[in-house]
Amino acid sequence: MDKTLNRFVANYLWLDEHDQKPFWHRQLFNVARYIYVVLDDLAKGELTLRAMSLVYTTLLSLVPLMAVSFSVLKAFGMHNKQLEPIMLQFLAPMGEQGIEITEKIIGFIDNVKIGVLGAFGIALLFYTAISLIQKIEATFNYIWRLDHHRSIGRRFADYGSVMLIGPLMVFSALGLSAKILSGDVARALSDHVPFVTELLEFLAAATPYVMIIAAFTFFYMFIPNTRVKLKAGLIAGVVSGILFQSLGWGFGSVVVSASDSGPYAIYSGFAILILFMMWMYISWLTLLVGSSIAFYVQHPEYVVPGRRTGNLSLRQQERLALEIMAIIAQRYYETHRPFSATDFVLRLRVQIQGVTRVLRALEKAGLITENSEDPPRYLPNVPMETTSVKQVMDVVRDDGAMPPIAVRVGRRPVKGVAEVDAAIETALNTCLADITVKDMAIDGVIAPLPEEKPQN
C-alpha cells in the first residue's frame, strides 16, 4: 500500500467484512471511501497547487476572457452591465467588497474595444482568453489521468463556441426563468392557488443553486478530454454546488465580516485584492474537488486506499497487452465496433493509465492504429494471422527502454546473466513464436508446454 492519509482508517474502511453487511451499511461505507480518497488527494497537495496556479492565470485572463465572451451579447442588444447579477452572485461572499470588485471588472470590460484593437490585438485577446480554458483542461485531464489533449483545431473550435455561445445560453436561461417566475400566468396562479406563492418564492431562492449546479455539471462533462457520464457529472455538480454555497457562506461570515481585524488591519488597501484571491482559490479548489469526485464515480476501480497512480508491473502489462490484442482481434473478425480506451477500462476493470500506456506502446510498434473518431477507437494495423504472441510481449517488454550509456571504458558483463537471458528468450520463442494473435483470440490455441526433463 502506498503512503496514504491515515493507514489505520484506510485499513478499517476497506475491510472485506463490510461487503457482507446490509445494503445501507455498504452504501454508507462506500460514501466514506469516496470521501477518504478525495481527502487523500487533497492532502498530497497536487490539487491545491493546481488551484493556486489557476488563481494566477485567472488574474491575467479574466478580463480578456469576459470581454471576448460577452462581446457577442452586444449583437443581441445586451450590454456588459447585464453581467453584474452573475458577478455579484459569484462575489456575494465578499459583501461590499464584491460590489466594488464587480464595478471595477465591468469597467475594465467596457474599456476593451475589440473593434479598435486590430488583427494582432484581437488574436492576442483570444489567445489570452483561450489559455485560461486550456490550463483548466490540462488540470482536469490530470485529475482524469488522461495523456491526450485536444488538438489545436479542436481547442479553438470547442473553446470558441463556449466563449461565444455559452454567455448567450446563460442569459437566455436567466431571462426565461425570470419571465416565468414573474409572468402573468404565475401571478394568476398565485391569486387563485394558495401554495403557488410559496412555491414561486422557493423556486426564486433555488434558482441560483440550480444555476451553479448546472454550471459545475457542464464543466465536469465538457472540459475533460474524455466521455464523462451524466451520472458522474451530475453527482459531482450537486456535491460541489452545495459545497460552493456552504464555503461562500462561511467565507462571508468569518473572513469578510472581520473588518476591524484580519486582512483589513494587516493589508489595508490591498485587503480587497487579497480577499479576492482567497475566494478565487476556494472556488477553484471546490471545482477541482468536484472533478475528482466525478472521476471516482465514473472509475470506481480507483477507490482504493493506495496505488491510485495506475502503475503496473511488467507481468501485468504483458497480460494486459495480450488481453487488448485479443479483444481487438475478436471485434475485428466478428465485425463489431472497435473499442476505445474507456471501453477497455470498463471491459477489463483496470486503471486508465495502464490501458493508455499499453495502447501507446502497441500503436508505436505499429501493431494497432487509431481511427478518426473522437475519442479514437483502435483497430489492428497488421494481419492478426501472422502476428505472433511473442511480438506482442516484446513490445511491452521493450517499451520505455533507455538507450545504452556511452562510456569510454567498455562495460564488463556480469557472469551468468547473459546465459540466463538467452535461456528466457529461447523458452519464450519455443512456446509462443508459432502462436498468432488470431490463434489466441479466435481459435483458442494454447501454447504447448515444454517437455519435462527425465529425472535421474
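The values are calculated or read from the model by the stated rules, or taken from the named source; none is laboratory data. Given the structure is predicted, the values throughout are model-derived calculations rather than measurements. Cβ placement follows ideal geometry from the backbone for every residue including glycine, while neighbour counts extend to all protein chains displayed.
Here ARG331 does not fit the description of being surrounded by fewer than 19 Cβ atoms within 10 Å (Cβ to Cβ) and either of a type in the set (Gly, Ala, Ser) or within 30 Å of ARG227 (Cβ to Cβ) (or both).
Please tell me if VAL255 is assigned to a helix (DSSP H, G or I), modelled with pLDDT of 85 or more and not polar (S, T, N, Q). No.
Within segment 258-277, the residues that satisfy the criterion of being at pLDDT 70 or above and surrounded by fewer than 17 Cβ atoms within 10 Å (Cβ to Cβ) are LEU273, ILE274, MET277.
Taking segment 291-311 as the range and being modelled with pLDDT of 85 or more and out of contact with any Gly (no Cβ under 7 Å at 6 or more places or on another chain) as the test, the residues that pass are SER291, SER292, ILE293, PHE295, TYR296, VAL297, GLN298, HIS299, PRO300, TYR302, VAL303. Starting from segment 415-434, take each residue that is closer than 12 Å to SER388 by Cα and list its partners that are among the hydroxyl-bearing types (Ser, Thr, Tyr), counting only C-beta distances under 9 angstrom and pairs at least six apart or across chains. Pairs found: LEU432/SER388; ALA433/SER388; ASP434/SER388. Among residues of segment 273-295 that are within 21 Å of TRP144 (Cα to Cα), those with a Cβ under 7 angstrom from a residue that is part of a helix (DSSP H, G or I) and acidic (Asp, Glu), sequence gap 6+ or separate chain, pair up as SER292/ASP41. Taking the criterion of being at pLDDT below 70 and either under 12 Å from the mean Cα position of the chain (by Cα) or part of a helix (DSSP H, G or I) (or both), the residues of segment 130-153 that qualify are ILE152, GLY153. Of all residues in segment 1-46, those satisfying the criterion of being exposed (fewer than 11 other Cβ atoms within 10 Å of the Cβ) and either in contact (Cβ under 8 Å) with a residue 24 or more places away in the chain or in a helix (DSSP H, G or I) (or both) are LYS3, PHE8, ASP16, GLU17, GLN20, PHE23, TRP24, VAL31. For segment 334-357, a residue qualifies if it is surrounded by 13 or more Cβ atoms within 10 Å (Cβ to Cβ), at pLDDT below 90 and in a loop (DSSP other than H, G, I, E, B), and the qualifying residues are VAL350, GLN351. For segment 358-372, a residue qualifies if it is outside any helix (DSSP H, G or I) and in contact with a strand residue (DSSP E or B) (Cβ under 8 Å, 6 or more places away or on another chain), and the qualifying residues are LEU367, ILE368, THR369, GLU370, ASN371.
Taken over segment 358-395, the criterion of being crowded, with 17+ Cβ neighbours inside 10 Å and basic (Lys, Arg) is satisfied by ARG377, LYS390. Considering only residues that are among the aliphatic types (A, V, I, L, M) and either buried (at least 20 other Cβ atoms within 10 Å of the Cβ) or free of Cβ contacts under 8 Å to residues at least 12 places away in the same chain (or both), which ones fall in segment 313-328? If the condition is that a residue be among the aliphatic types (A, V, I, L, M) and either buried (at least 20 other Cβ atoms within 10 Å of the Cβ) or free of Cβ contacts under 8 Å to residues at least 12 places away in the same chain (or both), then LEU320, ALA321, ILE324, MET325, ILE328 are the ones that fit. Here's a check for you: in segment 420-448, which residue that is of a type in the set (Gly, Ala, Ser) and closer than 22 Å to ARG331 by Cβ is modelled with the highest pLDDT? Across segment 420-448, the extreme among qualifying residues is ALA441. None of MET402, MET384 is assigned to a loop (DSSP other than H, G, I, E, B) and modelled with pLDDT under 90 except MET402.
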